[in-house]
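The values are calculated or read from the model by the stated rules, or taken from the named source; none is laboratory data. No experiment lies behind these values; they were computed from the predicted model shown. Cβ coordinates were reconstructed from backbone atoms using ideal geometry, including for glycine residues, and neighbour counts include every protein chain displayed. Note: accessible area is taken over every heavy atom of the protein model, side chains too, but ligands, DNA and RNA are not part of it. Shrake-Rupley method; radii C 1.70, N 1.55, O 1.52, S 1.80 Å.
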Amino acid sequence: MTPSTDGPTTLSPARIRFALLALALGGFGIGSTEFVAMGLLPNIAQDLLPGVYSQDPAEANAAAGWIIAAYALGVVVGAPTIAAAAARWPRKRLLLALLTAFTLGTIASALLPSFGLVLIARFIAALPHGAYFGIASLVAASLMGPGKRARGVALVLSGLTIANVVGVPAITWLGQSAGWRIAYLAVAGIFALTFLAVLVAVPWQAGDPHATMKRELRAFIRVQVWFALAIGAIGFGGLFAVYSYVAPLATEVTGLAPALVPVVLIVFGVGMTIGNLVGGRLADWSVRRSMYVFFGILAIGLVLLGLTAADPVGLFTGVFLVGASSAALSPTIQARLMDIARDSQSIAAALNHSALNIGNSLGALLGGLAIAAGLGYVAPIWIGLVLTIAGVLLAVGTFALDRVRGQRGVVVPYATGAVEVVES
């Protein structure tokens, strides 16, 4: 791969930290725009679907869940398309273009008047999501250097998880107080601030002049890439089946006041922040072991939540475990994709977010169908458990295929020109 013009050998530690912080701020904005809908779902349903809401709030909440699904679909479409088409672009220039698109798409989401138009806006606003995380992860991995690849990915993702501790609860409170449209305008402000931070802090990195869309798309001919995508898409449905409907779960099943929904989101976010950082370190040690451990914890958390959601202690404990384990899986799955994609690194780094947002859409869709069928707000938790078990079985399959092929490790290229052999 072509060396960058700036890297860890020419930058001071302070400059590297500043650049990583700017990249993580973008993750903070993305986490806010993606997850704030979960806490404001009843408010959005009441405003955009007033007739349905007045007759059946549960049906309106389930229908409003399509806003979450539309965003997830935008990520799925945008991540591989933009990453493959723009692999030659200088990485900083591409990040700035993506942040501009985020800002404009989020403003449109806040201002458009009807449910259908907001659905379209959320789809468009999501298109840069996967490409941003993919390119930012490649920049972070280059800045961190060999041996710290997954930790670089985790640092970029830390913005997303911290958003669930600070940004999502605060913006949820703002949306409940001033309206959900004001909440989305606040998110647009975060993206505008991130644009300035990346412009100032992130060093120039050339794109890959040898990259072509054909070369990037070669990732899709590899069976193991499809295994990894399926693990993220199906296994992560367990998280989103719960998270998409956590607000009505907390108020209707646990009996908490709506004002306490942001507290539930904070607990979710604390778990995600801790899990993300731990997952990044363990993935640098062993992707396989990390994946098994955290899928196991996710299954335990879902069972606990399903059995004890009516009790506040059970609710908070369950959402913490679900948030921590699922966030730990994210850098693990991304590291796995980067391991097996060989020279298709740009698209591999972005595909993780396509996979996770298929899980987002799948979990939200199946959970909404269960609620609309009258099965209650606990039913999505059990759907999530089934999806998690399926993710574990897929993980067993992909690593078994490694053993059949006699594959003990993979060579990972870096933008600096270094390579590293890592254990799968």
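Which value, in Å², gives the accessible area per residue of the stretch 1-160 when a 1.4 Å probe is used on the protein heavy atoms?
Roughly 34 Å² per residue, with all protein chains present.
Counting only Cβ charges, +1 for Lys and Arg and -1 for Asp and Glu, the dipole size of the stretch 259-349 around its Cα centre is about 180 debye.
Modelled spin labels at residue 292 and residue 257, positioned 7 Å past Cα toward Cβ, are 4.8 nm from each other. The angle between the Cα long axis of helix 287-308 and the longest principal axis of the Cα atoms of the chain comes to about 0 degrees, rounded to the nearest 10.
Surface composition of the stretch 23-90: carbon plus sulfur atoms hold 62% of the accessible area, using a 1.4 angstrom probe and ignoring ligands, DNA and RNA. Helix 345-372 and the longest principal axis of the Cα set of the chain meet at an angle near 10°.
Overall, the chain carries a charge dipole of about 1320 debye about its Cα centre when +1 sits on the Cβ of Lys and Arg and -1 on the Cβ of Asp and Glu, all other atoms neutral.
On the basis of the beta-carbon distance and an R0 of 51 Å, residue 104 and residue 403 show a calculated FRET efficiency of 0.60.
Rounded to the nearest 10 degrees, the inclination of helix 168-178 to the longest alpha-carbon principal axis of the chain is 40 degrees.
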